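Bear in mind these aren't lab numbers, they're just calculated from the coordinates by the rules spelled out. Quick caveat, the model's predicted, so the values are computed rather than measured. As a convention, Cβ positions derive from the backbone with ideal geometry for all residues, glycine included, and neighbour counts pool all protein chains shown.
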Amino acid sequence: MLHRLTTGEIIALASPSLVAALGIREPKDLRRATLLIHRSRPDAWSEWFAAHWLDGIGAQPSLAFGQFTMVLQAAIAGLGVAIAPSFLARPELAAGELIGLFEPIVQTGQGDFFAYPVEKKDFAPIVAFRDWILEEAAVQEPGAREGALRRRRAKSR
């Protein structure tokens, strides 16, 4: 069984001071920035630029990290502009440590999933964990809420 937890929505993020220092007002202004990226998603910036009609952005300085927390912390420190899943950056956005730049995009084929063998679909620990993780995901990803609500309604019948 496979359940989608997140949609794969990514967003460009920067510290308020870096946005001011580089005068970032539109997507093409990111040509002046160092791009911060997670090693597991090397094409994220290319996809983001293509979605914002900037296919020919060319090579530019970048820093790659092995964890999204490091990507976000580097952006907070003003080392560059990060690209990360929207749901991971919510605390930093809410605290004003980072600013979301422009429209987020959804990476096709990306996202997070919960998977388990179909023969375990009624196994109580799997059911309990599945219900919990899908409900948590629904809080983080509004699109996932429908599935969690459907399961809750079916459970109460």
Short version: ³J(HN,Hα) in whole Hz for each residue of the stretch 89-101, in order, from phi by Karplus 6.51 cos²θ - 1.76 cosθ + 1.60 (θ = phi - 60°), x for Gly and Pro, what are they? 8, 4, x, 5, 5, 5, 7, x, 6, 10, 10, x, 9
Can you figure out the FRET efficiency of Ala94 with Ala128, using R₀ = 35 Å and their beta-carbon distance, to the nearest 0.05? 0.75
Which of the three applies to the stretch 58-137, rounded, prolate or oblate, going by the alpha-carbon gyration tensor with a ≥ b ≥ c and a/c under 1.5 meaning rounded? prolate
Here the stretch 38-43 yields Karplus 3J(HN,Hα) values (6.51, -1.76, 1.60; θ = phi - 60°; whole Hz; Gly and Pro given as x) of 8, 4, 6, 10, x, 9
Backbone HN-Hα couplings from phi across the stretch 70-78 [Karplus 6.51/-1.76/1.60, Hz, Gly and Pro as x]: 5, 4, 5, 5, 5, 5, 4, 6, x
If I model a spin label at Val118 and Met1 as a point 7 Å from the Cα along the Cα→Cβ vector, what separation in nanometres do I get? 1.3 nm
Once amide hydrogens are built 1.01 Å from N within the peptide plane, the residues lying 5 or more places from Ala12 or on another chain with amide H under 5 Å from its amide H are Leu101
